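*Asks:* Below you will find the structure I want to go over with you.
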């Protein structure tokens, strides 16, 4: 097992939003040699510096990237690709790059297409989040027990994958799961994107006065993620279009089976569906 | 405002399942003159006695009902009606009866039809629960901050409604909301039954190996209630058939709008839907 040597590690985090800010806070506890950050918002940089989370912040990447062994991109999917392209000549030779975008196929394929051969880009996706976006809501503990998917490809160095996995565990996540970018996008359409689509649809069904006094925990839970970062989620859903549509169809098909059983007052069929759900649910929760 | 005099109050709880058991535990803290219970399971009665939550337990209602000022029925909807009918002659003159069934129209109408004129039955529904059923999972704190709906009808005495509201607040619930049984069933199809239908459908969509390492909090939240008490939920869904079908249709209609926006890669339409959901969600969560 590779043990990351934080005393020697120079890290730059690109994007101090909810995820980038939380990563900075979680990594700061591990006392790496340096954490620098790039963000277009000078106020956010100032806040992160004042909190002692980052040593220095920059509004562009030229200077920090030149001396960073590990660069973590915490940007929207399209912006992740754009950033690597824009600063391609600035990365330190041999640097390890990773990202946190919620879709992987488009990001990984695009970056591998133009990446400098000495650099190693490993796609990553922490399954962590909050109902609010932005640095002000970032917190180290969002990674505690969180799932993290890595999508290494043939070009990645095995040692770098192991190193990244070790770092991810150090910030509190579960043992990261590895799969192809294609597989990731397929599965994430079900395990993250569909619940967001459901949450929004359920809230949009609920035009009832005083609903906050009329709902049970089940309703609150199912709608917790409804206040999404709209720009980001439009990008995630549209860039994973086929998988999301497939999952919506499968889900609507399942809900239709329940509907049919209720409409026909078919108690045994309904019981069978609910029983099956209960059994599978035990694995998840 | 009516202040319940617990020192004089003699209570019988019928059904020591998750809700009845939790009510017994919550009420025991208020030190009423007596809490007795009726349950068909002698082992559960013994447990509740050993825990000091109830003074005595019975496997039938004849004796306890004769001396109880307040009878709380914590049974399935059909069983609630059957119990009142079966023991109609045993209730103490002037007693206040209430229930906790998740549908109200059928229960309230049926009971009002044959109730002794000296008795007062007020329908109630605590919006509290857990993923597990049965006395062993019962806990006083499930009512902390929980919503509670009362469905009084013309036959109910105003003082009794106020008394019941005061007791409900004493066990930790929010100010109970009052509405007609019809309104209750209409709203609850959205705020509790639909999320349960969704949770089951989402779990049944998720036949993926190792899904527990691949899902985000959104998926866990939306499926938390999937392990339902199958018998109870079949009864709740089938007895509220029309309202549930209407809510499923409205929800599927909303999900179809998201699907359409994604299929057409219509970013502005998708953004508009997600933005609207986010705004409404702020009221709920």
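*Asks:* Looking only at the stretch B:200-230, count every residue that is within 15 Å of residue B:131 (Cα to Cα) and either more than 7 Å from chain A (Cβ to nearest Cβ) or free of Cβ contacts under 8 Å to residues at least 12 places away in the same chain (or both) and tell me the total.
*Replies:* Residues meeting the conditions: 4.
*Asks:* Now a separate question. For the stretch A:157-178, give me each residue that is out of contact with any helix residue (DSSP H, G or I) (no Cβ under 6 Å at 6 or more places or on another chain), farther than 15 Å from residue A:121 by Cα and within 14 Å of chain B (Cβ to nearest Cβ).
*Replies:* Selection gives A:168, A:169, A:174, A:175.
*Asks:* Identify the residue in the stretch B:245-285 that is assigned to a loop (DSSP other than H, G, I, E, B) and facing chain A (nearest Cβ under 7 Å) and, among all such residues, is nearest to residue A:237 (Cα to Cα).
*Replies:* B:265
*Asks:* Just one of B:89, B:106 is surrounded by fewer than 23 Cβ atoms within 10 Å (Cβ to Cβ) and over 23 Å from residue B:244 (Cβ atoms); which is it?
*Replies:* None of the others qualify; the one that does is B:89.
*Asks:* Exactly one condition in (1) in contact with a helix residue (DSSP H, G or I) (Cβ under 8 Å, 6 or more places away or on another chain); (2) without any contact (Cβ under 8 Å) to a residue 60 or more places away in the chain; (3) surrounded by 15 or more Cβ atoms within 10 Å (Cβ to Cβ); (4) part of a helix (DSSP H, G or I) is not met by residue B:97; state its number.
*Replies:* Every condition holds for residue B:97 apart from (4).
*Asks:* I need the helices (runs of 4 or more DSSP H) fully contained in the stretch A:25-88, keeping only those with at least 1 residues that are touching a residue at least 60 places away in the same chain (Cβ under 8 Å).
*Replies:* A:42-50, A:77-86
*Asks:* Just to verify a result, which residue in the stretch A:100-131, among those that are under 13 Å from the mean Cα position of the chain (by Cα) and in a strand (DSSP E or B), is farthest from residue A:196 (Cα to Cα)?
*Replies:* A:123
*Asks:* Whether any residue in the stretch B:28-36 is over 20 Å from residue B:164 (Cβ atoms) and either within 22 Å of the chain's Cα centre (by Cα) or at pLDDT 95 or above (or both) is what I want to check.
*Replies:* The answer is no, given that none of the residues of the stretch B:28-36 is over 20 Å from residue B:164 (Cβ atoms) and either within 22 Å of the chain's Cα centre (by Cα) or at pLDDT 95 or above (or both).
The values are calculated or read from the model by the stated rules, or taken from the named source; none is laboratory data. No experiment lies behind these values; they were computed from the predicted model shown. When we count neighbours, we look across all protein chains shown, and the Cβ atoms used for this are built from the backbone with ideal geometry, even at glycine.
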